[in-house]
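Participant: Input: one structure, supplied below.
The values are calculated or read from the model by the stated rules, or taken from the named source; none is laboratory data. Note that the structure is predicted; figures quoted are calculated from it, not measured. Glycine gets a Cβ as well: all are built from the backbone with ideal geometry, and neighbour counts include every protein chain shown.
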Amino acid sequence: MLERAEIVRKEYLRHDKKFPHVWCPGCGNGIVMGALLRAIHRSGLEKDDVVLASGIGCSGRMPTYVDFNTIHTTHGRALTFSTGIKLAKPELTVLTVMGDGDATAIGGNHFIHAARRNLDMTAIIINNSTYGMTGGQYSPTTPFGSKSTTSVYGHVEHAFSIAELAVTAGASFVARSTVYHATHLEDMIRLAIAKKGFSVMEVISNCHVQHGRRNKLGGAVEMIKGFKERAVRVEKAEKMSAEELVDKITIGVLADVEKPISTEQYQRVINEAKKKAEKIAKEKEKNGIKRYEE
Amino acid sequence: MVHDTKSRPAAKPEVGENKTASAPSTAQQKKRKLHRVTFYYKWCKSCGLCSAFCVKQIIQTDKNGLPFIANDDMDRCTGCRFCEIHCPDFAITIQNKYPERRHSDDRQ
Ligand SMILES: Cc1ncc(C[n+]2csc(CCOP(=O)(O)OP(=O)(O)O)c2C)c(N)n1
Ligand code: SF4
Ligand code: SF4
Ligand code: SF4
């Protein structure tokens with residue numbers, strides 16, 4: 001029997017790609033990729049039934065390495081590609097991995113409208129509080145006062161909470177975890193995949209190279225330890241006051257609601273429209289009018 | 001990435017002190033589940049996460065930052081897999097009850 005890590009390495013990674021991967025030593029993207037692969041393995045999905053799409057950014061490199069149907073799309077537009085794939089082939093499990101800049105800056109509108117539409121897809125957003133790939137500019141999730149290459153005197157704007165944004169925009173399932181809580185993260189991703197409807201998984205990750213270094217947060221080890229200290233489970237967070245929750249990371253399932261899924265609703269529209277078209281064609285034949293295509 | 005793996009220091013002496021506590025007697029060994037940790041050095045980037053987070057603190061690093069477990073310490077591994085799932089580079093494998101527990105340190 002293959003051991004767990006062996007299964008992930010042997011079955012799910014593309015060995016014709018260059019390993020070790022491009023991410024910096026200690027980058028959380030690799031931990032998220034591992035959790036995602038284990039979650040998919042545990043969900044019992046066939047590799048050919050899974051689609052992994054991504055935008056541009058460090059996180060966008062993930063589909064390159066994994067052996068599913070993959071597509072590396074343009075910056076911010078990954079969800080639009082996923083939407084098209086899901087509508088054309090509703091039987092596929094469509095996952096989209098994005099960075100925080102990818103999902104909430106350039107792709108912000110796509111993100112909130114994908115949530116509002118409630119397609120049956122899963123979005124995994126790796127939130128490392130910065131634009132990692134392009135050299136550490138501030139992103140919509142860079143905390144107030146943080147330094148970045150575009151906020152050298154400290155950031156003057158306020159940050160988005162991606163998970164709360166998703167809840168408000170109407171996603172069916174929203175969860176948050178961190179790269180420290182890798183097992184929790186795996187469980188949350190599994191729930192997000194299993195959920196019918198638009199699921200959003202926000203993963204708090206470390207970019208110690210661009211964000212950590214500029215803000216004296218230390219290296220990968222210190223940043224990931226910080227997530228451990230700052231994390232609070234939702235059940236506990238509900239009993240805490242707003243002041244106590246300042247600078248804390250609430251982890252767990254933040255929203256889980258049932259509502260009609262637009263991919264299924266589209267199928268209903270397709271079926272009804274087909275029926276109607278057939279009826280019209282039959283009536284025309286009965287009345288002696290030849291069908292256009294004949 | 002080229003690592004000078006041959007010239008790594010021998011297992012640190014402080015670890016030897018743990019020997020009495022760490023090397024269980026044969027009777028104890030039979031009761032406890034044993035594990036073998038293997039590092040895949042071709043993919044390891046010496047990030048230091050595994051050595052920082054190991055619950056038993058048995059993972060050491062050599063002067064190139066490559067992780068290794070001294071042979072005496074291997075039996076103290078609880079098999080929690082924390083290091084395995086937190087290695088961003090898929091470079092650690094934990095095996096249960098490996099029959100002839102070989103060395104964890106097969107870098108040469
Ligand atoms: C249309 C477009 N605009 C800008 C860029 C440049 N660009 C590449 S990656 C990136 C930011 C990536 O940041 P994020 O999405 O947070 O991902 P990370 O690298 O942090 O994982 C930007 C602005 C681009 N590739 N395409
Ligand atoms: S720049 Fe940041 S996000 Fe990109 S690989 Fe390096 S640590 Fe990871
Ligand atoms: S966590 Fe992985 S990549 Fe980092 S030092 Fe340990 S084995 Fe190497
Ligand atoms: S499995 Fe647990 S105890 Fe064993 S080396 Fe890894 S972190 Fe340490």
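Participant: From the list A:Gly30, A:Gly26, A:Gly76, which residue is at positive phi and free of Cβ contacts under 8 Å to residues at least 40 places away in the same chain?
Facilitator: Answer to the selection: A:Gly76.
Participant: Quick one: count up the residues across the range A:215-262 that are hydroxyl-bearing (Ser, Thr, Tyr) and in contact with a strand residue (DSSP E or B) (Cβ under 6 Å, 6 or more places away or on another chain).
Facilitator: Number of matching residues: 1.
Participant: A:Ala166 versus (1) crowded, with 24+ Cβ neighbours inside 10 Å; (2) touching a Gly at 6+ places or on another chain (Cβ under 7 Å): which is the lone unmet condition?
Facilitator: It is condition (2) that A:Ala166 fails.
Participant: Here's another thing I want to ask about it. Scan the range B:69-82 residue by residue and report those that are more than 10 Å from the chain's Cα centre (by Cα), of a type outside the set (Ser, Thr, Tyr) and either more than 11 Å from ligand 3 (Cβ to nearest atom) or more than 10 Å from every other protein chain (Cβ to nearest Cβ) (or both).
Facilitator: Within the range B:69-82, B:Gly79, B:Cys80, B:Arg81 meet the criteria.
Participant: Okay, moving on. Consider A:Ser43 carefully, then state whether it is away from every other protein chain (no Cβ under 12 Å) and in contact with a Gly (Cβ under 7 Å, 6 or more places away or on another chain).
Facilitator: no
Participant: Hey, another quick one. Could you go through the range A:16-33 and let me know if any residue there is crowded, with 21+ Cβ neighbours inside 10 Å and more than 22 Å from A:Val209 (Cα to Cα).
Facilitator: Among the residues of the range A:16-33, not one is crowded, with 21+ Cβ neighbours inside 10 Å and more than 22 Å from A:Val209 (Cα to Cα), which makes the answer no.
Participant: Could you please find all residues in the range B:47-66 being more than 24 Å from A:Leu36 (Cβ to Cβ) and within 8 Å of ligand 3 (Cβ to nearest atom)?
Facilitator: B:Ser51, B:Ile59, B:Thr61, B:Gly65, B:Leu66
Participant: Still on this structure: For the list (1) in contact with a helix residue (DSSP H, G or I) (Cβ under 8 Å, 6 or more places away or on another chain); (2) more than 14 Å from chain B (Cβ to nearest Cβ); (3) assigned to a helix (DSSP H, G or I); (4) closer than 28 Å to A:Gln137 by Cα, I need the number of the one condition that A:Phe81 fails.
Facilitator: (1)
Participant: I would also like to ask the following. Of the residues that make up the range A:92-106, is at least one at pLDDT below 95 and away from ligand 2 (no atom under 13 Å from the Cβ)?
Facilitator: No: the range A:92-106 contains no residue that is at pLDDT below 95 and away from ligand 2 (no atom under 13 Å from the Cβ).
Participant: Now, a different point. Of A:Gly132, A:Gly136, which residue is on the phi > 0 side of the Ramachandran plot and either within 10 Å of ligand 1 (Cβ to nearest atom) or in contact with a helix residue (DSSP H, G or I) (Cβ under 7 Å, 6 or more places away or on another chain) (or both)?
Facilitator: A:Gly136
Participant: For A:Thr96, work out the one condition from (1) under 18 Å from A:His21 (Cβ atoms); (2) part of a strand (DSSP E or B); (3) within 16 Å of ligand 1 (Cβ to nearest atom); (4) hydroxyl-bearing (Ser, Thr, Tyr) it doesn't fulfil.
Facilitator: The one condition A:Thr96 does not meet is (1).
Participant: Also, I was wondering about something else. In the range A:116-135, which residues are of a type in the set (Gly, Ala, Ser), away from chain B (no Cβ under 14 Å) and either closer than 28 Å to A:Met188 by Cα or within 16 Å of ligand 4 (Cβ to nearest atom) (or both)?
Facilitator: Of the residues in the range A:116-135, the ones of a type in the set (Gly, Ala, Ser) are A:123, A:129, A:132, A:135.
Among the residues that remain, those that are also away from chain B (no Cβ under 14 Å) are: A:123, A:129, A:135.
The answer is A:Ala123, A:Ser129.
Participant: Between A:Leu45, A:Leu87, which is in a loop (DSSP other than H, G, I, E, B), assigned by TED's automatic domain parsing to the domain that holds A:Gly26 and more than 16 Å from ligand 1 (Cβ to nearest atom)?
Facilitator: A:Leu45
Participant: Within the range B:1-73, considering only helices (runs of 4 or more DSSP H) that don't extend past its boundaries, which have at least 3 residues that are among the basic types (Lys, Arg) and modelled with pLDDT of 95 or more?
Facilitator: Answer list for the range B:1-73: none.
Participant: Look at the range A:115-146 and say how many of its residues are in a loop (DSSP other than H, G, I, E, B) and within 20 Å of A:Arg61 (Cβ to Cβ).
Facilitator: Step one: filter the range A:115-146 for residues in a loop (DSSP other than H, G, I, E, B), giving A:118-121, A:128-130, A:132-136, A:138-146.
After this cut, where a residue has to be within 20 Å of A:Arg61 (Cβ to Cβ) as well, the list is A:128-130, A:132-136, A:139, A:141.
Residues in the range A:115-146 being in a loop (DSSP other than H, G, I, E, B) and within 20 Å of A:Arg61 (Cβ to Cβ): 10 in total.
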